[in-house]
Each structure stands twice: as structure tokens, then as C-alpha cells.
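Remarks on the structure that follows.
Every number in this text was worked out from the coordinates using simple rules, so none of it is lab data. Given the structure is predicted, the values throughout are model-derived calculations rather than measurements. We place every Cβ from the backbone using ideal geometry, glycine too, and count neighbours over all the protein chains shown.
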Amino acid sequence: MGMTIEPDDFRGTLLELVRRFERLLNAIDSHKRPLNRRESFHFQDFLEFLKTERWQEADGALRRAEQLAPIPAQFSDLEATNVVVTTAELRERLAKAMK
């Protein structure tokens, strides 16, 4: 189930999405483990959707990261999907996207 997003409440939606993102990163950090390939892909997807204010898609990307959903077939063989970013890098990208 995705979140219902009201057009007039974009600030609240943005804050909720960012809180969920941070909570997921904190959980990964607390287990002292690196991101896996799927998480990395979906988190990066989330940040791209966030930058373009595509809230529904951002919510979907977070859900896919939470569920460790497979990387879509059209992207799975790309070399870029084998590059796994760190939680610190994701936090830096989030900070830049929020400016």
C-alpha cells in the first residue's frame, strides 16, 4: 500500500518520504552492513524521483527497497547497477536534493 499524496500537501509528503528514507538507512547502518545491489538501485531511484517531485514514484521506490524487490530486467545487466553506493553517499545526495 502506497501513501496517498495530496497535491497541496507536498511539504508534508516530502518530509514523510525523507523520514522513511532516513529510517531505512539508519536500520542498515545499525546492522553494520553495506547496502546490497537491490537496495542501492531503489534508493538511487528514490532520490531521482524526489528531485523531480514525483512523490508517488518516490514512495514506490522506497517500498521496493524495503521489500528488496528485484531490479527491473531492463536495468539488471547494466554495469551501473553493479555499483553499490554507501549510506553516507546516499545521505550526501539527499542533502543536495533538499537544497
How high is the relative contact order of the chain? Use alpha-carbon pairs under 8 Å, at least six apart in sequence, and give a whole percent. 35 percent
Indicate the gyration tensor shape class of region 1-86 (rounded, prolate or oblate), computed on the Cα atoms with a ≥ b ≥ c the square roots of the eigenvalues: a/c under 1.5 is rounded; otherwise a/b larger than b/c is prolate and the rest oblate. oblate
Loop-located trypsin sites (Lys or Arg not before Pro) in region 1-82, at most 11 other Cβ atoms within 10 Å (DSSP): K32
Taking the chain, which GluC sites (Glu not before Pro) meet the DSSP loop condition and have no more than 12 other C-beta atoms within 10 Å? E53
In nanometres, what is the gap between the two model label sites at L78 and R91, each 7 Å from Cα along Cα-to-Cβ? 2.7 nm
Let me spell out the model: positive unit charges on the Cβ of Lys and Arg, negative unit charges on the Cβ of Asp and Glu, origin at the Cα centre of the chain. What dipole size does that give, in debye rounded to 20? 360 debye
